[in-house]
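Let me begin by presenting the structure, written as structure tokens, before commenting on it.
All of the numbers you see were taken from the coordinates with simple rules; none came from a lab. Just so it is clear, the model here is predicted, and its values are computed rather than measured. Counting neighbours? That spans all protein chains shown, and the Cβs are built from the backbone with ideal geometry, glycine included.
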Amino acid sequence: MKASLRLALLLSATLLAATSQAAMKALIVDGQNNHDWKGTTPHLKKYLEATGLFEVEVATTPDNKGDMSTFKPEFKKYQLVVSNYNGQDWSKETQAAFEEFVRNGGAFVSVHAANNSFPNWPAYNQMIGLGGWGGRSEKSGPYVYWEAKAAKVVKDIAPGRGGSHGPQHEFLVETREPSHPIVAGLPTKWMHAKDELYDRLRGPAENLTVLATAFADKQKNGTDRHEPMLMTTTFGKGRVFHTALGHAGGGKREAQQCVGFIVTFQRGAEWAVTGKVTQKVPADFPTADKVSLRE
């Protein structure tokens, strides 16, 4: 075989592999949120597309005065659904379709306030593992946090509200499952940009793996505990990546500009679809003492 033909075949195979990878179809859901979904969805879309692994579309619900029964995404067309949504309940038909999608192997990523959504939808709460606000209480499930002395995850059935946070600030994120594909190879400690540090999250916590935590300091009105920031669950055959990071509002989105947020979001999305991560750790990933931002 001539060298030119071999080269042509090699290039063709490489292009075919790249096209195959890029064919993973993702859907971002938005339309209602107490955070700036209009400002952040384009960036979430850009982050996914930047991996070269995803083709991304957006489905926007009616506003809170609209007819939610008209919101009927065809979830089964996609391999991944990303929620940038926190608002009114979807119709029972749409809820059932989403449950079927994830249960049958569809991938799901929950971003920040998406874990505030749907407190009365049992399957959704099983998917995200932990949630906050919306009237959540001990009836919703245990608090979950990392006990540093015992070096293990604790499920605490103490009564109390679900969901709180102090003032926005930079904080240290610490890996708890360093062998998991989403965080494997990342620094075990890294500084996250100014964000809401969610604490007192509670929920079913079934099939839950806490990948990384952050210390909610009492001086910042926190719980004095290491609270889950990055998590995974399974629901049926589906894999779920849940990031509590990523606040945006008032024209500011530092939390989503943080390279730590971007990279774990990208890697979490790939893992949710494929069960593995092929992306390399970028040179600008934050360190234990320095935040790193991208425009």
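Once backbone amide H atoms are built at 1.01 Å from N, residue 131 has 202, 203 as its partners under 5 Å, excluding neighbours fewer than 5 places away on the same chain.
What number comes out for the charge environment of residue 278, summing +1 per Lys or Arg and -1 per Asp or Glu over other residues with Cβ under 14 Å away? Mind dumping the intermediate values first?
Working: positive: 267, 276, 280; negative: 270.
Value of the local net charge: +2.
Using the Karplus relation 6.51 cos²θ - 1.76 cosθ + 1.60 with θ = phi - 60°, the per-residue 3J(HN,Hα) values for the range 237-251 come to 8, x, 9, 10, 10, 10, 10, 7, 7, x, 5, 8, x, x, x Hz, with x marking Gly and Pro. When both bridge partners sit in the chain, DSSP labels roughly 65% of those beta bridges antiparallel. Coupling constants for the range 106-111 follow from the phi torsions by the Karplus curve (6.51 cos²θ - 1.76 cosθ + 1.60, θ = phi - 60°), and in residue order they are x, 8, 9, 10, 9, 10 Hz; glycine and proline get x.
For the range 42-61, backbone nitrogen atoms closer than 16 Å to the point 7 Å from residue 276 Cα along Cα-to-C-beta are found at 53. Would you compute, from DSSP H runs of 4+ residues alone, the mean residue ellipticity of the chain at 222 nm, taking -39500 (n - 2.57) per run and dividing by the full residue count, rounded to the nearest 500? Calculated from helices alone, the mean residue ellipticity at 222 nm is -7500 deg cm²/dmol.
Peptides 195-202, 223-230, ordered by how many other C-beta atoms sit within 10 Å of their residues on average, highest first, read 195-202, 223-230.
Cα centroids of the range 251-284 and the range 159-192: 13 Å apart.
Go through 155/218; 220/252; 65/194 and tell me which ones have a Cα-Cα distance over 27 Å in this structure.
Working: 155/218 20 Å; 220/252 20 Å; 65/194 32 Å.
Checking Cα-Cα distances, 65/194 exceed 27 Å.
Dipole check for the chain: with +1 at the C-beta of Lys and Arg, -1 at the C-beta of Asp and Glu, and the Cα centre as origin, the magnitude is about 560 Debye. Taking the DSSP beta bridges with both ends in the range 45-200, the antiparallel portion is around 75 percent. For the peptides 264-273, 251-260, 82-91, the ranking by mean Cβ contacts within 10 Å, running from highest to lowest, is 264-273, 82-91, 251-260. Rounded to whole numbers, the Karplus 3J(HN,Hα) couplings from phi for the range 83-88 are 9, 10, 10, 8, x, 4 Hz, using 6.51 cos²θ - 1.76 cosθ + 1.60 with θ = phi - 60°, and x at Gly and Pro. Of the residues 231, 68, the one with the fewest other Cβ atoms within 10 Å heads the list, and the complete ranking is 68, 231.
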